[in-house]
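A.B. asks: Quick one: the structure is below, and I'll ask about it shortly.
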Amino acid sequence: MSDYFSSGRARHGRGVTAVLGPTNTGKTHLAIERMLGHESGIIGLPLRLLAREVYDKVVRAAGAANVALITGEEKIYPKSPRYYVCTVEAMPRDIDVAFLAVDEIQLAGDPERGHVFTRHLLHARGQSETLLLGAATMKGAIIDLLPGANIISRPRLSKLSYAGQKKISRLPRRSAVVTFAANEVYAIAELMRRQRGGAAVVLGALSPKTRNAQVELYQNGEVDFLIATDAIGMGLNLDVDHVALASVSKFDGQQHRELTNAEIGQVAGRAGRHTNDGSFGVTAQITPFEQARIAALEAHEFEPVKMLQWRNGSLDFTSVDRLKDALRAQPDHKRLTRGRMVNDLIALENVSSDEKVKALAIAPAAIARLWEVCQIPDYRKISAADHAAIITQLYCHLLSENGHIPEDWFTDQLRHAENTSGDIDTLANRISHIRTWTFVSHRSDWLADPGHWQERTRAIEDKLSDALHERLTQRFVDRRTSVLMKSMRDKQSLHAEIEADGSVHVERHFVGRLDGFLFTPDTSAAGIHGKAARNAAAKVLSEELAERAKRLVEAAPEKLELTRLGQIMWENSPVARLEKGSEPLKPSLTILADEHLSAPEHGRIEARISDWLNGVIDERLEPLVKLAAAEDISGLAKGVAFQLLESLGALKRDDVADDIRQLDQEARGQLRRYGVRFGAFNIFMPMLLKPAASDLILLLWALHHGARDGVDPGALPEPPRQGLTSAAADPKLPQSFYRAAGFHHCGRRVVRFDMLERLADMIRPLVSWRRKKAEAGADVKAAEKAVETEIAKEVSKGADPSKEEPKGAEEAGKEGKAGAAAPVAPEGATGDGGFTVTPDMTSIIGCSGEEFASVLTVLGFRRDRKAPKPEPRAEKANPDTARREDGKAAPAAAEKSGDGARRAGAQMDEVWRPRRKTPRAAAHKGRGRKPKPARGKGKAAPMRAARPKPEPRAVIDPDSPFAALKDLKRDLETRVKDPS
């Protein structure tokens with residue numbers, strides 16, 4: 001079949017059957033029977049161990065020549081197989097089969113592997129039949145994602161009941177004790193060996209051969225107890241009568257968390273196979289379950305899976321950045337969520353930053369190979385940096401001249417794992433090591449002779465598996481020799497270390513993580529052994545924290561960073577958090593440290609970070625800090641300054657209109673000296689609109705006022721993106737949030753303060769422009785120029801202006817007035833107190849159409865619609881008839897043009913005007929004094945043109961010839977005012 005991960009097959013439920021139900025319903029057995037009823041088939045299983053178990057069953061039914069086993073580390077591939085048993089990750093993409101099944105489909109919700117199961121659920125199909133097997137919690141998701149799918153519910157074949165809490169020493173025979181950490185498995189198995197004669201051990205990290213050997217110990221009765229991780233919860237069929245949980249929490253790859261009821265039910269359901277009833281309970285230090293949980297587990301009623309993990313399958317290999325972008329793509333369905341950063345994505349990020357890799361990963365084929373190599377599993381659970389180093393080496397080998405991994409280098413890697421001596425941990429680590437190279441050997445084009453290396457790695461794994469089984473049996477069935485348990489009993493010999501990523505290990509066992517100055521213990525390390533390990537870690541923690549404190553105190557300012565959520569980071573770890581202080585500009589500080597940090601070191605850290613934080617506030621909010629410390633502001637200006645400080649640098653002009661109106665120019669000047677701008681809509685400080693300043697103001701606002709306005713500083717919403725002059729307003733956010741970010745709320749949009757004032761500056765002259773006034777000014781200027789020209793001519797002829805009056809000055813003035821050009825209206829001016837929207841206006845605000853109209857409406861303008869002015873005809877005008885004697889244009893042509901426009905149905909023009917105010921006489925009726933303009937309440941009044949300040953005029957000598965020019969100008973101005 002085609003590569004369904006990238007072929008874009010449509011999601012549908014046709015031909016899909018979902019068989020859902022709790023454990024012990026025979027779902028996997030049904031899938032095997034259905035597959036064997038077809039000519040060909042493939043089944044995907046969640047674990048390599050389970051895949052091997054199902055493979056053996058299918059081989060017994062169909063013969064080894066007809067069955068292939070495909071996992072990441074093991075491939076058994078006959079010449080012409082009909083049936084394929086695979087792990088879900090290893091299911092081939094290019095094989096057409098009649099039947100296809102995916103087991104444990106509820107793992108589509110798993111944060112680590114869920115995206116793989118989701119991809120198969122959405123796209124993988126058999127030609128004749130497709131089965132999805134899993135828990136009933138998936139029913140709703142499958143119905144939503146695969147409309148038309150056939151849902152079959154299967155009941156459990158036996159009864160499952162709660163048996164309460166029991167001590168490990170009193171557990172019934174044929175019991176399985178389940179916990180979620182290897183050290184706990186070993187500790188419980190050791191206790192079982194001492195008190196009950198021994199136990200078999202099953203962990204997901206065991207090789208199939210070791211696991212089968214351990215299970216055989218249990219199945220044949222050599223031991224009556226099985227100690228396991230939740231690996232037994234994924235379909236492994238064992239004769240277990242009782243399941244006891246020794247832990248109800250686990251580490252999910254990112255954090256330790258409580259198990260859900262569905263996860264507990266998956267494990268507890270291993271008790272009671274076929275028609276034999278089973279029981280479950282708790283042991284060790286686990287508190288007995290509450291009644292609600294018991295009822296849910298016995299009835300198999302669990303919270304449905306709501307969200308499935310998803311990853312884009314259509315990848316772009318034209319560049320590494322495009323590959324990353326494709327992997328970051330978001331799903332298109334409400335049931336799907338993009339998977340988190342897991343090993344392969346982390347490896348891609350780390351490896352692609354290497355210079356050698358950058359030089360090689362150019363062509364699409366090379367980038368595709370890079371992504372393929374990054375998907376090598378980290379079986380050894382080493383650090384991300386070490387894993388990336390291995391991947392980088394492999395990639396460079398594969399991109400070398402011969403395109404294969406060198407055999408001598410590969411031999412060296414295997415040599416480290418061939419030794420079968422050592423304890424359980426040593427052998428387990430070697431098996432993890434060889435699993436990596438087994439995986440590599442099964443990539444057919446990575447090695448020159450892959451078949452040889454597959455046999456070699458399999459032989460090494462088999463030898464190690466036999467040795468590990470022997471050690472496990474010696475330790476937990478026959479002997480008391482155990483390096484791990486001996487270390488736990490001997491507190492003096494415990495060795496603790498802190499790795500570069502902050503993980504703390506005692507005797508190579510993870511006990512917690514150090515992040516900054518906070519140590520988070522591993523909650524799975526419980527009991528006396530966990531306590532001993534943590535005590536061993538305390539000394540090394542104190543030494544490490546003292547060293548870190550010294551480095552922080554001496555660190556350069558740029559090594560500290562303030563996040564938008566109020567955390568102070570140092571070396572990529574949070575070391576302090578801002579809290580609400582006594583004043584907006586004085587937040588308090590909480591140092592993120594625990595008891596392992598001494599009091600003197602705590603004090604030095606706090607002092608250093610406080611000094612740094614004050615410097616950041618002083619630098620980013622300099623105008624505001626200087627305003628707070630100003631001593632040359634007094635009177636009403638001081639009150640306005642206080643309000644500005646309380647509101648972190650911005651006031652809505654409407655809210656302080658009365659105070660602003662009472663400020664004289666001297667008081668305003670006091671504030672302007674500190675960067676305060678008096679705008680039409682806001683009183684603000686433009687310097688605080690810079691990104692660094694506005695981010696900090698928003699944080700300080702959230703700390704001081706966020707709780708009042710329903711905004712959590714720890715989950716501060718994103719403000720409008722930097723560089724935007726306006727943005728769509730989120731109705732869920734308060735206006736105060738946007739004002740703290742430097743934006744004025746204008747209905748459906750928010751507009752940055754400075755851009756709003758620029759808009760006001762553009763509109764103001766358009767509203768005040770009048771044609772008559774402009775024509776009068778043009779006539780006067782033309783007359784002045786003509787007179788000045790005439791005087792200049794007389795002077796050039798030798799006349800002395802101080803002794804004789806210039807000839808022809810008055811006549812020149814009249815001619816200049818007659819020849820004055822008609823003034824051109826500014827773009828957008830209508831000449832009647834209105835204006836039209838211009839491209840410059842919409843450009844600075846960043847929106848147009850109705851969104852821009854909503855901004856103008858909120859600012860106090862109303863919209864009128866009127867027919868557009870007719871355009872003059874294109875025919876040449878007759879200079880003798882173009883104007884009448886009084887200088888006014890003849891109307892005939894315009895009237896015809898207007899009639900033509902109306903007949904053509906011209907689109908109406910939109911003209912904006914300031915809203916009409918209540919007439920002053922009515923508004924102030926009955927008052928005995930001249931009313932003041934209505935301002936300060938409601939919405940801001942539309943802008944008026946500022947009245948220009950008259951300039952001082954020079955006194956002309958009455959005996960000077962220029963006195964004639966003055967008289968002429970006065971005469972012209974009188975005629976303009978009174979044409980009659």
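A.B. asks: I'd like to check something: does the stretch 656-671 contain any residue that is within 22 Å of L696 (Cβ to Cβ), modelled with pLDDT of 90 or more and assigned to a loop (DSSP other than H, G, I, E, B)?
C.D. replies: So far as the stretch 656-671 goes, no, none of its residues is within 22 Å of L696 (Cβ to Cβ), modelled with pLDDT of 90 or more and assigned to a loop (DSSP other than H, G, I, E, B).
A.B. asks: How do the pairs read when you match residues in the stretch 685-707 that are under 19 Å from Q643 (Cα atoms) with residues anywhere that are buried (at least 19 other Cβ atoms within 10 Å of the Cβ) and of a type in the set (K, R), using Cβ under 6 Å and keeping only pairs 6 or more apart or on different chains?
C.D. replies: A693/R620; L696/R620
A.B. asks: Ok, one more. Of the numbered conditions (1) in a helix (DSSP H, G or I); (2) out of contact with any helix residue (DSSP H, G or I) (no Cβ under 8 Å at 6 or more places or on another chain); (3) of a type in the set (G, A, S), S353 fails exactly one; give the number of that condition.
C.D. replies: (1)
A.B. asks: Being touching a His at 6+ places or on another chain (Cβ under 6 Å) and over 16 Å from A428 (Cβ atoms) is the requirement here; does S169 meet it?
C.D. replies: No: the conditions fail for S169.
A.B. asks: In addition: Among strands (runs of 3 or more DSSP E) lying entirely in the stretch 225-344, which contain 2 or more residues that are buried (at least 19 other Cβ atoms within 10 Å of the Cβ)?
C.D. replies: In the stretch 225-344, the matching strands (runs of 3 or more DSSP E) lie at 225-228, 242-245, 278-282, 308-310, 336-338.
A.B. asks: Out of everything in the stretch 590-625 that is assigned to a helix (DSSP H, G or I) and of a type in the set (G, A, S), what residue ends up being surrounded by the fewest Cβ atoms within 10 Å (Cβ to Cβ)?
C.D. replies: A599
A.B. asks: Please go through the stretch 633-681 and give me each residue that is charged (D, E, K, R) and more than 17 Å from P623 (Cα to Cα), ordered by number.
C.D. replies: Correct list: K652, R653, D654, D655, D658, D659, R661, D664, E666.
A.B. asks: If I filter the stretch 579-618 down to residues being among the small types (G, A, S) and touching a residue at least 60 places away in the same chain (Cβ under 8 Å), which single residue comes out as farthest from L698 (Cα to Cα)?
C.D. replies: Per the stated criteria, the residue is A593.
A.B. asks: Looking at the stretch 655-666 only, could you name the residues that are small (G, A, S) and more than 24 Å from H744 (Cβ to Cβ)?
C.D. replies: none
A.B. asks: Of the residues that sit in the stretch 575-589 and are part of a strand (DSSP E or B) and aliphatic (A, V, I, L, M), which one is surrounded by the most Cβ atoms within 10 Å (Cβ to Cβ)?
C.D. replies: That would be A576.
A.B. asks: Sort through A365, A388 and tell me the only one that's surrounded by fewer than 16 Cβ atoms within 10 Å (Cβ to Cβ), assigned to a helix (DSSP H, G or I) and assigned by TED's automatic domain parsing to the domain that holds A417.
C.D. replies: A365
A.B. asks: Return the pairs, sorted by first residue and then second, in which the second residue is of a type in the set (K, R), the first residue lies in the stretch 187-199 and is buried (at least 24 other Cβ atoms within 10 Å of the Cβ), the beta carbons are less than 8 Å apart, and the residues are 6+ apart or on different chains.
C.D. replies: What qualifies is A189/R475; A199/R193.
A.B. asks: Which of (1) farther than 27 Å from Y379 by Cα; (2) not in a loop (DSSP other than H, G, I, E, B) is the odd one out, the single condition V97 does not satisfy?
C.D. replies: (2)
A.B. asks: State all residues of the stretch 26-71 that are in contact with a Cys (Cβ under 9 Å, 6 or more places away or on another chain) and not in a helix (DSSP H, G or I); if no residue qualifies, say none.
C.D. replies: The answer is I42, I43, G44, L45, A68, L69, I70, T71.
A.B. asks: A follow-up question, please. Go through D110, D56, D94 for me and flag whichever is among the charged types (D, E, K, R), over 38 Å from the mean Cα position of the chain (by Cα) and surrounded by fewer than 21 Cβ atoms within 10 Å (Cβ to Cβ).
C.D. replies: None of the others qualify; the one that does is D56.
The values are calculated or read from the model by the stated rules, or taken from the named source; none is laboratory data. In this text the structure is predicted, and so the values were computed from the model without any measurement. FYI the Cβ positions are ideal-geometry reconstructions off the backbone, even for glycines, and counts take in every protein chain you see.
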